[in-house]
Amino acid sequence: MKINERDLFNFVFSKGLLDKEKAEYIKVKNLFNEEIFFLKSLKNASSEKITPDSKRKIAQKIPSYKYFGTIELYPEDVKKIKLKFNKSLLLAADSAELKPQNTSQTFIDENKNYLIKLISSETESKIFVFSTKEELLYNLNITLEPQHIKFHMNDNSKPLELNEAYDVQKIKLELID
């Protein structure tokens, strides 16, 4: 039976993609022990968490690696943004629970991976954080600039509600492991 590298990879990472006969052959024969050991080690190492400090150090040493722990978002005009968002995400300012004298600002990062809506009234603000991949983000720090005021969100499933209005020129979003 002919076994290639993809078969060995699938044996370790995705058994469902491997033909049952090949999986049994790899399991019974001890011909690929070194390769299997290496791939299992790789799989275990890939599940380990890398600290933000380690990521920054890697980014300093390897020019092609960019650490995206802190993302800067700048104001954008919603009409100019062409993203694959559900319309409901862009229309967060139309929420019925907000009063008519509200202002809405949209902030987006350079790579258009994240969008933040800041909706403010005279006495309160709400911050909605969205991923263009429509993923749930966990453990976020948000810094409002130029005031340099920091907030923490456990996840982006609900808006961050603040008891104050803010004039914001830039937002820093930090994704914490």
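Derivation of every value follows stated rules applied to the coordinates shown; laboratory data play no part. Small disclaimer: the values here were computed from a predicted structure and weren't measured. Ideal geometry is used to build each Cβ from the backbone, glycine not excepted, and the neighbour counts take in all protein chains shown.
With the cut-off at 1.5 for a/c, could you classify region 5-48 from its C-alpha gyration tensor as rounded, prolate or oblate?
oblate
Starting from region 12-43, pick out the trypsin sites (Lys or Arg not before Pro) whose DSSP state is loop and whose Cβ has at most 13 other Cβ atoms within 10 Å.
Sites meeting the loop and neighbour criteria: K29.
What does the charge add up to near I142, with Lys and Arg as +1, Asp and Glu as -1, over the other residues with Cβ less than 10 Å from its Cβ?
+1
So who's got an amide H within less than 5 Å of the one on I71, skipping anything under 5 residues away but keeping other chains? H placed 1.01 Å off N, in plane.
L173, E174, L175
Could you give each residue of region 31-37 its phi-based ³J(HN,Hα) in whole Hz, using Karplus coefficients 6.51, -1.76, 1.60 with θ = phi - 60°, and x for Gly or Pro?
7, 10, 4, 4, 5, 5, 4
Calculate one ³J(HN,Hα) per residue across region 22-28 by plugging θ = phi - 60° into the Karplus curve 6.51 cos²θ - 1.76 cosθ + 1.60, and present them in order as whole Hz with x for glycine and proline.
5, 4, 5, 4, 4, 5, 6
Ranking L42, L118, L137, L144 by Cβ neighbours within 10 Å, fewest first, what do you get?
L42, L137, L144, L118
Which whole-Hz couplings ³J(HN,Hα) result when phi for each residue of region 136-149 is put into the Karplus expression 6.51 cos²θ - 1.76 cosθ + 1.60, θ = phi - 60°, listed in order with x for Gly and Pro?
Residue by residue, region 136-149 yields 7, 9, 10, 6, 10, 10, 10, 10, 8, 10, x, 5, 6, 9 Hz.
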